[in-house]
1. Out of curiosity, is A:VAL19 touching a strand residue (DSSP E or B) at 6+ places or on another chain (Cβ under 6 Å) and modelled with pLDDT under 95?
2. Name the residue, out of B:GLY52, B:GLY41, that is free of Cβ contacts under 8 Å to residues at least 40 places away in the same chain and farther than 22 Å from A:ASP99 by Cβ.
3. Report yes if some residue within region A:14-23 is without any contact (Cβ under 8 Å) to a residue 40 or more places away in the chain and under 30 Å from B:TRP35 (Cβ atoms); otherwise report no.
4. Confirm whether B:GLU59 is loosely packed, with under 15 Cβ neighbours inside 10 Å, of a type in the set (Asp, Glu) and free of Cβ contacts under 8 Å to residues at least 60 places away in the same chain.
5. What number of residues within region B:43-71 are in a loop (DSSP other than H, G, I, E, B) and touching a Gly at 6+ places or on another chain (Cβ under 9 Å)?
6. Could you check region A:45-100 and list, in sequence order, the residues that are outside any loop (DSSP other than H, G, I, E, B), within 14 Å of chain B (Cβ to nearest Cβ), touching a Phe, Trp or Tyr at 6+ places or on another chain (Cβ under 7 Å) and open to solvent by less than 30 Å² (accessible area, probe 1.4 Å)?
7. Which one is surrounded by the most Cβ atoms within 10 Å (Cβ to Cβ) among residues in region B:12-37 that are within 13 Å of B:GLY52 (Cα to Cα) and free of Cβ contacts under 8 Å to residues at least 60 places away in the same chain?
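The values are calculated or read from the model by the stated rules, or taken from the named source; none is laboratory data. This one's a predicted model, so the numbers in the text were calculated from it and none came from an experiment. Cβ coordinates were reconstructed from backbone atoms using ideal geometry, including for glycine residues, and neighbour counts include every protein chain displayed. With ligands, DNA and RNA removed, areas are computed over all heavy atoms of the protein, side chains included. Shrake-Rupley method; radii C 1.70, N 1.55, O 1.52, S 1.80 Å.
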Amino acid sequence: EDKVVQSPLSLVVHEGDTVTLNCSYEVTNFRSLLWYKQEKKAPTFLFMLTSSGIEKKSGRLSSILDKKELFSILNITATQTGDSAIYLCAVPYSGGGADGLTFGKGTHLIIQP
Amino acid sequence: SQTIHQWPATLVQPVGSPLSLECTVEGTSNPNLYWYRQAAGRGLQLLFYSVGIGQISSEVPQNLSASRPQDRQFILSSKKLLLSDSGFYLCAWSTGNTEAFFGQGTRLTVV
């Protein structure tokens, strides 16, 4: 059974701090790893990672994958209150195709002004 | 561009009553469609997925069912709701080997 574990489950930091969110996974057939941000309702897509060591970047957010150690990190630099959200990590089902995603429980990030 | 609509946004239903949540996708053909439930402290759990009209696969045994009467319509139903059916239900679509895009969700409270 596929497994995704995120840590920490919650994190409170001050505006301007840098945070690192962790995601480890166990899957039978790895295809990709995805990061989502969920503020109030719909999770919104951030990154899809397929190759080890290649950083994906979008503004102050960046993410990298280590397929040997089976984990990924999501970094947020110079955090702002608008970064407060639940950050979700997911991997596609090992069955392949349209089987859906296995999600971790998420990291609840709170940025204090 | 593609959009996904999900309704209602919130719903309060008594135990034993029926349920119907609807999701429609615009701007794409033959999407893969999914229903997830998000319960407190448990993350998103896949309930059903569909690769085409009338094709439904269930990931977990439960009190719910799903149907796909049209290519871009996905319905989540129950004949008799249980207290344990309360949660946040999310519909999503993808083209298979890409990221999934989510609807705004339905907050269901069974009382």
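1. Working: touching a strand residue (DSSP E or B) at 6+ places or on another chain (Cβ under 6 Å): yes; modelled with pLDDT under 95: no.
No.
2. Going through B:GLY52, B:GLY41 in turn, the sole match is B:GLY41.
3. Within region A:14-23, not a single residue is without any contact (Cβ under 8 Å) to a residue 40 or more places away in the chain and under 30 Å from B:TRP35 (Cβ atoms).
4. no
5. Taking region B:43-71 and keeping what is in a loop (DSSP other than H, G, I, E, B), we get B:53-54, B:59-64, B:71.
Still in the running and touching a Gly at 6+ places or on another chain (Cβ under 9 Å): B:59, B:71.
Looking only at that region, the number is 2.
6. A:PHE47, A:SER63, A:TYR87, A:LEU88, A:CYS89, A:ALA90, A:VAL91
7. B:ASN30
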